[in-house]
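Read the structure below first, then the notes.
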Amino acid sequence: MGGHGGDRGLAARFLTRGRPLSCAAVDLAERLAFDRAHLWHPYTALVDPQPVELVVAAQGVRLRLADGRELVDGMSSWWAAIHGYRHPVLDAAVRAQLERMAHVMFGGLTHEPAIALGERLLALLPPPLRHVFFCDSGSVAVEVAIKMALQYWRGQGEMQRTRLLTVRGGYHGDTFAAMSVCDPDTGMHSLWRGVVAEQLFAERPRCRFGAVWEPDAMDDVARLLEVHGPTIAAVVLEPVVQGAGGMWFYHPRYLAELRRLCDASGALLVFDEIATGFGRTGTLFALEHAGVTPDVLCVGKALTGGYLSLAATVASTQVASGIARGAHPQLMHGPTFMANPLACAVAAASIDLLAASPWQAGVARIERQLRAELEPARRSPAVADVRVLGAIGVVEMRTPVDLRAAQRHFVARGTWVRPFGRLVYLMPPFIIEEPDLRRLTDAVVELACRGPCGA
Ligand SMILES: *Cc1c(COP(=O)(O)O)cnc(C)c1O
């Protein structure tokens with residue numbers, strides 16, 4: 001090493017490995033201080049950021065922190081880690097692909113992992129969905145879906161079809177076109193006025209999943225489609241379960257009725273199954289609750305079992321050939337890391353693993369346990385609603401949850417749960433066993449019932 005302070009610093013840091021705990025603790029504080037000063041985390045400020053925990057490993061449903069504590073994961077790393085962490089089959093799939101190549105460009109080239117994943121996806125989806133666009137994140141998959149819809153109408157010479165219609169309470173990602181169809185309130189559209197495209201918003205589908213169907217539940221969206229029909233390129237929404245926009249479960253009949261309305265007005269129908277795809281709601285895709293096929297479908301999150309960032313936008317033959325008939329037949333999108341082979345290989349392995357596992361029984365068991373164990377929270381005057389669907393359990397509070405206090409609470413109870421707004425919710429890996437799930441539900445109910453009903 002030369003006389004450079006930077007090199008000495010680096011060497012010193014390497015030497016800290018394997019030191020006794022007291023030094024490791026100093027090192028941990030130093031690592032967290034760097035993180036705090038220099039790294040943005042999701043939706044956080046650099047001024048007085050929320051504290052973070054340092055994870056050093058994860059296995060099964062457990063996250064291991066730098067100080068040795070273990071947390072049962074109630075979030076599946078935001079819907080993704082359905083098989084849990086370090087699954088031997090998925091680890092092996094990544095390793096095997098790494099022996100061949102980590103990445104290669106997709107322009108002018110193709111590879112077996114992409115073909116194998118494409119085959120598997122199409123085998124799972126309804127027949128009209130035939131054409132797959134691989135990209136790197138859910139937000140980009142939604143951008144691509146919107147681009148497909150707009151390009152489709154340009155291809156048909158209907159240049160006036162440029163608007164999107166969606167429902168309130170949705171979440172579709174953080175890039176600008178995706179943001180435009182997020183809920184205007186939780187999506188902070190007031191902050192972005194003049195910058196984010198102004199789309200059409202129907203009321204949140206108010207008829208709950210499992211409730212008796214109310215025919216007037218379609219009135220608002222039907223009115224918007226009637227008034228604005230010829231300018232609408234597509235209706236974009238999350239089928240059955242709205243995720244980060246409000247964790248709301250609505251009646252599948254809404255989708256069947258919406259399909260009819262779209263067919264009548266010509267608008268394309270885009271389903272965002274980035275959160276719901278791959279079993280989370282009890283069916284492989286949420287669209288199966290309604291028996292409805294969209295024109296374009298987005299998947300992401302659990303696609304790779306939570307291993308790598310990958311998403312896909314799948315279009316019907318009608319949409320794909322409609323784009324191809326236009327004056328610009330090329331779909332104008334092409335990410336650098338499109339169809340990354342490592343991600344495609346692990347995604348194909350994850351789908352095979354799901355297919356070979358008794359996931360329906362697992363999700364049904366989780367659903368029963370969530371229902372039984374979260375329901376008591378309803379007794380608390382602080383709780384507005386408790387709802388469960390598939391492997392998703394939600395306790396909606398009457399007032400916003402203090403995120404810092406909640407994080408301290410959950411970590412102290414050996415759990416990892418991250419509420420947002422008024423929502424405390426669980427969506428654990430499908431492999432979670434009863435005692436671990438009980439640890440999660442106990443911690444949620446304890447938080448929800450603190451104060452007024454805590455006695
Ligand atoms: C998470 C999510 C997205 C965005 O995906 P990213 O990978 O975070 O870009 C879009 N739609 C839905 C329904 C999601 O849950």
Exercise for the section: Could you look through the stretch 379-395, keep only residues that are outside any loop (DSSP other than H, G, I, E, B) and under 13 Å from L426 (Cβ atoms), and pick out the one that is farthest from the chain's Cα centre (by Cα)? Expected result: V386
Exercise for the section: Kindly indicate whether V240 is open to solvent by 60 Å² or more (accessible area, probe 1.4 Å) and β-branched (V, I, T). Expected result: no
Practice task
Report yes if some residue within the stretch 247-264 is near the ligand (Cβ under 10 Å from one of its atoms) and open to solvent by less than 10 Å² (accessible area, probe 1.4 Å); otherwise report no.
Solution key: no
Practice task
Tell me, yes or no, whether the stretch 83-98 has at least one residue that is of a type in the set (A, V, I, L, M, F, W, C) and over 30 Å from I432 (Cβ atoms).
Solution key: no
Practice task
For P230, state whether it is touching a residue at least 40 places away in the same chain (Cβ under 8 Å), assigned by TED's automatic domain parsing to the domain that holds Q318 and closer than 25 Å to E396 by Cβ.
Solution key: no
Practice task
Could you grab me the full set of residues in the stretch 349-396 that are among the small types (G, A, S) and buried (at least 24 other Cβ atoms within 10 Å of the Cβ)?
Solution key: A349, S350, A377, G390, A391, G393
Practice task
Quick one: in the stretch 300-320, of everything that is part of a helix (DSSP H, G or I) and on the phi < 0 side of the Ramachandran plot, which residue is most open to solvent (accessible area, probe 1.4 Å)?
Solution key: Q318
Exercise for the section: Could you identify the single residue in L28, L32, L46 that is outside the structural domain of M188 (by TED's automatic domain parsing) and part of a loop (DSSP other than H, G, I, E, B)? Expected result: L46
Completion exercise
Those residues of the stretch 57-115 that are hydroxyl-bearing (S, T, Y) and open to solvent by less than 20 Å² (accessible area, probe 1.4 Å) come to a total of 1
Practice task
Could you list, in sequence order, all residues of the stretch 157-178 that are within 12 Å of the ligand (Cβ to nearest atom) and open to solvent by 20 Å² or more (accessible area, probe 1.4 Å)?
Solution key: Y171, D174, T175, A177
Practice task
Kindly provide the set of residues from the stretch 97-152 that are within 16 Å of the ligand (Cβ to nearest atom) and β-branched (V, I, T), ordered by number.
Solution key: V140, V142, V144, I146
Handout entry: Complete set of residues in the stretch 265-290 that are of a type outside the set (A, V, I, L, M), over 24 Å from L353 (Cα atoms) and within 13 Å of the ligand (Cβ to nearest atom)
Key = F271
Problem - Of residues in the stretch 409-424 being open to solvent by less than 10 Å² (accessible area, probe 1.4 Å) and in a strand (DSSP E or B), the one nearest to Y43 (Cα to Cα) - result: V424
Exercise for the section: Could you tell me which of the residues L269, L284, L255 is among the hydrophobic types (A, V, I, L, M, F, W, C), assigned to a helix (DSSP H, G or I) and assigned by TED's automatic domain parsing to the domain that holds E158? Expected result: L255
Practice task
With respect to H328, determine if the residue is surrounded by fewer than 20 Cβ atoms within 10 Å (Cβ to Cβ) and within 16 Å of the ligand (Cβ to nearest atom).
Solution key: no
Practice task
Can you confirm whether the stretch 349-360 contains a residue that is closer than 30 Å to D263 by Cβ, assigned by TED's automatic domain parsing to the domain that holds P128 and not in a loop (DSSP other than H, G, I, E, B)?
Solution key: no
Handout entry: T276 being among the β-branched types (V, I, T), open to solvent by 10 Å² or more (accessible area, probe 1.4 Å) and under 22 Å from L124 (Cβ atoms)
Key = no
Fill in the blank from the handout: Note: among R120, R130, just one is farther than 16 Å from T304 by Cβ, surrounded by fewer than 21 Cβ atoms within 10 Å (Cβ to Cβ) and modelled with pLDDT of 95 or more, namely R130
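The values are calculated or read from the model by the stated rules, or taken from the named source; none is laboratory data. Since this is a predicted model, take the numbers as computed values, not measurements. Here Cβ is always computed from backbone atoms with ideal geometry, including for glycine, and neighbour counts include all displayed protein chains. All accessible areas refer to the heavy atoms of the entire protein, side chains included, with ligands and DNA or RNA removed. Shrake-Rupley method; radii C 1.70, N 1.55, O 1.52, S 1.80 Å.
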